[in-house]
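Chemist: Quick one: the structure is below, questions incoming.
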Amino acid sequence: MRVHQSETVAIVGAGPYGLSLAAHLDALGIPYHIFGQPMRPWRDNMPPGMLLKSDGESSSLSDPDHGFPIERFYKDMGQPFHAQAPIPVETFIAYGQAFQRRFVPTVDTREVVAIAHDDPGFVVRTADGDLIRAGKVVLAVGIAPFSYIPPALSELPPDLVTHASAYGPVSDFRGRAVAVVGSGASAIDLVIALHGHGADVQIVSRRREIPFQTEPSGEAPGLLSRVLWPGSGIGSGWKLKFCAELPGCFQTLPERTRIRVAQTYLGPAPGWFTRERVLGHIPVQYGVTPEEAVPRNDRVELRLRTEDGSTRRMLADHVIAATGYRIDVRRFGFLSSSLMNAIRTSALAPSLSRGFETSVPGLYVIGPAALMSFGPVMRFVFGADFAARRVSARLGIPQARSRSKAQGRRVRRRIGDVQPTDAGGLIRGL
């Protein structure tokens, strides 16, 4: 059956958020078209051997009946599952792909290169020039488009500097001197992978120490501890519990508060389980900030500013900027300029309604790009359940209204065909 433009939802991105939303839309009978290679950023842009910061019980994709959590995947594979244990990235990728095969069997793996308004909906263009019309569009592009390289490094040619989000495999750096700028989770995961593949790697950190997470005690917390310091899907404490379990309430906070919390809560602390693999094994330059980077005979000379104002220099074959991400609607490179300019922003991120809709009717954003509206939980897989349920419910409202109107028309037609004296027919018609 031909799907009308006004009924189709285009989902751009086939990671945890996009796949979760597709599973919910399918259950509601809402036609959708999802683009992207399933779990590709996790497969191609995460260091091999990495462990997720989220523990096992917080790392499930969302289906409507909670029928396929990651614990179920472990059991299907015949492996023991520990709720508090971190998940290897390879296992998480396999789980995401199994989720896709089960709930979202049809995925368009082509790249989306352009989206434009096409009243009353949108037109999506793929890399091969095909055009797909949709009434609604949901952007679930993850975090990779928003990688940030600071000005001191950004003028280097691409063969001398890259962002941490570009890796993946790191075997090409064997025997080369690599400076990793940053000391957050992505930096440490990458440094461990580089060190394991024979690179001569150093950490360049503006901090005085690396902010590793605190190792869990392994003991069940007592009643008082649970009351004063309750757990949640993204960490412990009442503030994080609020952010994790009430993102809809977070969205109603004053804009200034939302921005402050989004920018300061849950910084990029490396997992506690990485400490022993870094300290004492990999050199760290503490309390320094890159001030200038200059190419020198196919290498990079970094000038580092110390806390006391002095400078020091170091040479590297390559610099990797593990310097985080900055959400910016201008980085949605496939949006037409008119769409991009029409999106109302909050600290350059899209400002979203309670249903994750932008100021452009019919255009939605979920995942990390929803951070400024719905809070820190959007950085985590744990937030996919809330986003998928909220957006699918919002997209299902027109469907329900349409079905209700159609049913009403059918009932009226049937009543109109019944003669007033035909009571039996009237009952059957209703």
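Chemist: How would segment 197-343 be classified by its alpha-carbon gyration tensor: rounded, prolate or oblate, with rounded meaning a/c under 1.5 and the a/b versus b/c comparison settling the rest?
Modeler: oblate
Chemist: What order do you get for 55-61, 165-171, 364-370 when each peptide is scored by the mean count of other beta carbon atoms within 10 Å, highest first? Numbers along the way, then the final one.
Modeler: Numbers: 55-61: 22.1, 165-171: 17.7, 364-370: 27.1.
In descending order of packing, they fall as 364-370, 55-61, 165-171.
Chemist: I'd like to check one number: the per residue accessible area of the chain, probe 1.4 Å, reported in Å² as a whole number. Walk me through the numbers before you get to the answer.
Modeler: Numbers: 21480 Å² over 430 residues.
Roughly 50 Å² per residue, with all protein chains present.
Chemist: Given a 1.4 Å probe and every protein chain left where it sits, what share in percent of the accessible area of the chain is carbon and sulfur?
Modeler: Values: 11010 of 21480 Å².
Solvent-exposed carbon and sulfur of the chain make up 51 percent of the total.
Chemist: Quick one: Debye curve from the alpha-carbon atoms of segment 132-266 only, equal weights, vacuum; give me log10 I(q)/I(0) at q = 0.09, 0.17, 0.21 Å⁻¹ to two decimals.
Modeler: Relative scattering, expressed as log10 I(q)/I(0), comes to -0.46, -1.12, -1.28.
Chemist: Using θ = phi - 60° and the Karplus form 6.51 cos²θ - 1.76 cosθ + 1.60, what ³J(HN,Hα) does each residue of segment 80-91 get, whole Hz, x for Gly and Pro?
Modeler: Each residue's phi maps through the Karplus curve to give x, 10, 10, 4, 8, 8, x, 9, x, 4, 5, 5 Hz.
Chemist: Along segment 160-175, what does the Karplus equation 6.51 cos²θ - 1.76 cosθ + 1.60 (θ = phi - 60°) give for ³J(HN,Hα), rounded to whole Hz, x for Gly and Pro?
Modeler: For segment 160-175, the Karplus-derived couplings read 10, 9, 9, 8, 4, 5, 7, 10, x, x, 10, 5, 5, 8, 4, x Hz, x marking Gly and Pro.
Chemist: Still on this structure, please answer the following. Any idea what diffusion coefficient segment 67-112 gets from Stokes-Einstein, in µm²/s, Kirkwood Rh on alpha carbon pairs, 20 °C, 1.002 mPa s? Kindly include the intermediate steps, with their values, before the conclusion.
Modeler: Numbers: Rh = 11.9 Å.
Estimated diffusion coefficient is 181 µm²/s.
Chemist: Hey, another quick one. Through the Karplus equation 6.51 cos²θ - 1.76 cosθ + 1.60, θ set to phi - 60°, convert the phi angles of segment 129-145 into ³J(HN,Hα) values in whole Hz; use x for Gly and Pro.
Modeler: These are the phi-based 3J(HN,Hα) values: x, 6, 10, 10, 8, 8, x, 10, 10, 10, 8, 10, 8, x, 9, 4, x Hz.
Chemist: Near the amide H of Ala114, under 5 Å away, which other amide H atoms are found, from residues 5 or more places off or on another chain, if H is placed in the peptide plane?
Modeler: For Ala114, the qualifying residues are Arg125.
Chemist: Is it possible to state the helix-based mean residue ellipticity at 222 nm for the chain, with each DSSP H run of 4+ residues giving -39500 (n - 2.57), the sum divided by total residues, to the nearest 500 deg cm²/dmol? What is it?
Modeler: Numbers: 15 runs with 139 residues, N = 430.
Calculated mean residue ellipticity at 222 nm is -9000 deg cm²/dmol.
Chemist: Just how much of Glu301 is accessible, in Å², when a 1.4 Å probe is used and the result is rounded to the nearest 10?
Modeler: 40
Chemist: Taking the alpha carbon gyration tensor of segment 274-399, what are the square roots of 5 times its eigenvalues, largest first, to the nearest whole Å? Present the calculation step by step, with values, prior to reporting the outcome.
Modeler: Working: eigenvalues 345, 76, 32 Å².
Each semi-axis is the square root of five times an eigenvalue, giving 42, 20, 13 Å.
The values are calculated or read from the model by the stated rules, or taken from the named source; none is laboratory data. What you see is a predicted model, and the numbers here were worked out from it, not measured in a lab. Note: ideal-geometry Cβ built from the backbone for every residue, glycine included; neighbour counts use all protein chains shown. Heads up: the accessible areas ignore ligands, DNA and RNA and are worked out on the full protein's heavy atoms, side chains in. Shrake-Rupley method; radii C 1.70, N 1.55, O 1.52, S 1.80 Å.
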